[in-house]
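Please treat every number below as a calculation from the coordinates, not as lab data. Predicted model only: the values in this text are computed from it and were never measured. Positions of Cβ are backbone-derived with ideal geometry, glycine not excepted, and every protein chain shown enters the neighbour counts.
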Ligand code: FAD
Ligand code: NAI
């Protein structure tokens, strides 16, 4: 007889593994299947999905090392520290990153044991519906589950006709494994991965050229932030070309040659040692057996869900990158928890309006809520408070006072509608703003709350004061 479960989670990324743990905590008999090709020391597919294996975590490890390298080379001297020209041991940097990934992915296997989640190694594919629930083939076995959570995530989108070998032409997987600092690195797509991976290799000495199809930079961000970011990143040495149309891409004896037309329609050619293609991601629904059970996908191949992650099939849910909404690990985890709680009859809830975005460049970029251009388009009357980090003692002391905090609040009710930060530790500073917005805070609430001194959070405090035109230190 096939193995039977209350809940089967397909995919062990941040959406899937969190959903599995929460469902097990709530008393369900849970299994999670995973089929990725990254083997753990026992030869099993590794848990953690894109995020832990080839996404959030390894990219942040490389961003940290390359930041240290740049600080040693350029910033130490400003503070009277002489260390000589730093050298990078790329192999060691990659090995450190791999150790962190192994530690975390094995940690999830440990959490599964602790919470009694059964791990099934293998690709999950719907085959039908039986008396005991949904039948899903996992590897060679068919298992049955009363409820199924699809958490199969996403994969890098590639350019048509441009095969990714992850040696010369890389997607996110190869971009995290480049074994020598390229002299010239080309990046297609000035989005989140392009900026983060472009920053890593630029800091380590590569000449980085970014080719972007859109005429504007970071269209989803507040345009004030985007303008400041473009100015800073260009000064750091990233070279941007907007409004391009990519043509033929050929491998050459030395690397790769990219033909494109620039924003004026002129034919251009870019030669590079390596190319990173970072033009967005596509949902993993191929081979899921959607057609076997009538699971509804949209025209982009995503699983169709409602606001509670319910699909068109009873007892089948879908979360994370494989459904609508931002492709972010914390959004996937929130959906995982909410679905497990809904299955248990609880009031699982996801605050889609308050999901923070963070880009881990230097300075970091982070935001939550509406941008100024969105408020204008929606005809919402708002007021803005904007304070630069230059006015903050802690930022100056740390030698990193670039950027600003911009808070947007409703002109009538004073409720905070959005906060946009470019600056040091923006990733951590945004947390306070998310909490405030979840609690429906007004800018005055934040303005009246005592912030530690000297901290970077004082800039958030001042931005709240500035909404009422009464900043104290600017
Ligand atoms: P995934 O993490 O993609 O996991 C899905 C898993 O399901 C995979 O392991 C896959 O092998 C498995 N799977 C697929 N189909 C099947 C099947 N049929 N059977 C069994 N298993 C299957 N987000 C952030 O919030 N912060 C960041 O800093 C960040 N950095 C990133 C950096 C990079 C380079 C990349 C590529 C992404 C980054 N992301 C970041 C995005 C983040 O990784 C994803 O949003 C997140 O991993 C989505 O989680 P998920 O569980 O939906 O899917
Ligand atoms: P992205 O959507 O962030 O950026 C893709 C960029 O490529 C866009 O600017 C787009 O206009 C451009 N583009 C698309 N087609 C193109 C073409 N043919 N030629 C030139 N440019 C083209 O996608 P990216 O960087 O691949 O990242 C994927 C997703 O992974 C992100 O959207 C995000 O959800 C997640 N991610 C999150 C991170 C974080 O939270 N810090 C870090 C990295 C990735």
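Listed values, structure above:
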{"read-out": "Cα shape, region 30-129, gyration tensor, a/c 1.5 rule", "value": "prolate"}
{"read-out": "Centre separation in Å (Cα based) which lies between region 256-306 and region 435-474", "value": "41"}
{"read-out": "Using a Förster distance of 51 Å, the FRET efficiency for residue 85-residue 449 (Cβ separation, nearest 0.05)", "value": "0.65"}
{"read-out": "Global form of region 244-348, assessed from the alpha-carbon gyration tensor, a/c cut-off 1.5", "value": "prolate"}
{"read-out": "Within region 27-57: backbone nitrogen closer than 13 Å to the residue 102 label point (7 Å, Cα to C-beta)", "value": "39-43"}
{"read-out": "Extension gain, residue 223 back to residue 3 (0.36 nm per residue minus Cα-Cα distance, nm)", "value": "73.9 nm"}
{"read-out": "Dimensions in Å of region 177-236 - Rg and Dmax from alpha carbons", "value": "11.9, 36"}
{"read-out": "Distance in nm between pseudo-label sites at residue 251 and residue 60 (7 Å out along the Cβ direction from Cα)", "value": "3.4"}
{"read-out": "Region 145-214 - Rg over Rh from alpha carbon coordinates, Kirkwood radius", "value": "1.11"}
{"read-out": "Residue-span extension gain [residue 42 to residue 300] - 0.36 nm each, minus C-alpha spacing", "value": "89.3 nm"}
{"read-out": "Average projection area in nm² (convex hull over Cα atoms of region 388-474, one quarter of hull surface)", "value": "4.9"}
{"read-out": "Label-to-label distance, nm, for residues given as residue 330 and residue 378 (7 Å Cα→Cβ offset)", "value": "1.9"}
{"read-out": "Linear extension gain, residue 183 paired with residue 115, 0.36 nm per residue minus alpha-carbon span", "value": "19.7 nm"}
{"read-out": "FRET efficiency, 1/(1 + (r/R0)^6) with R0 25 Å, evaluated for residue 239 and residue 68 via beta carbons", "value": "0.60"}
{"read-out": "Efficiency of FRET between residue 26 and residue 439 - r from beta-carbon atoms, R0 41 angstrom, step 0.05", "value": "0.95"}
{"read-out": "Relative counts (whole %) of C-alpha pair distances in region 331-439, using bins that are 5 Å wide", "value": "2, 12, 18, 19, 17, 13, 10, 6, 3, 1, 0"}
{"read-out": "Over the chain: Rg over Rh, Cα atoms, Kirkwood Rh", "value": "0.98"}
{"read-out": "Distance in nm between pseudo-label sites at residue 352 and residue 261 (7 Å out along the Cβ direction from Cα)", "value": "3.7"}
{"read-out": "Anisotropy class of region 362-421 from Cα gyration tensor, a/c 1.5 cut", "value": "prolate"}
{"read-out": "CD proxy at 222 nm, helix term only [per DSSP H run n ≥ 4: -39500 (n - 2.57); per residue of the chain; nearest 500]", "value": "-9500 deg cm²/dmol"}
{"read-out": "Semi-axis lengths, Å, region 161-260, gyration tensor of Cα atoms, sqrt of 5 times eigenvalues", "value": "23, 16, 12"}
{"read-out": "Computed P(r) (all Cα pairs; region 99-201; 5 Å bins; percent)", "value": "2, 9, 13, 14, 13, 12, 13, 11, 8, 3, 1, 0, 0"}
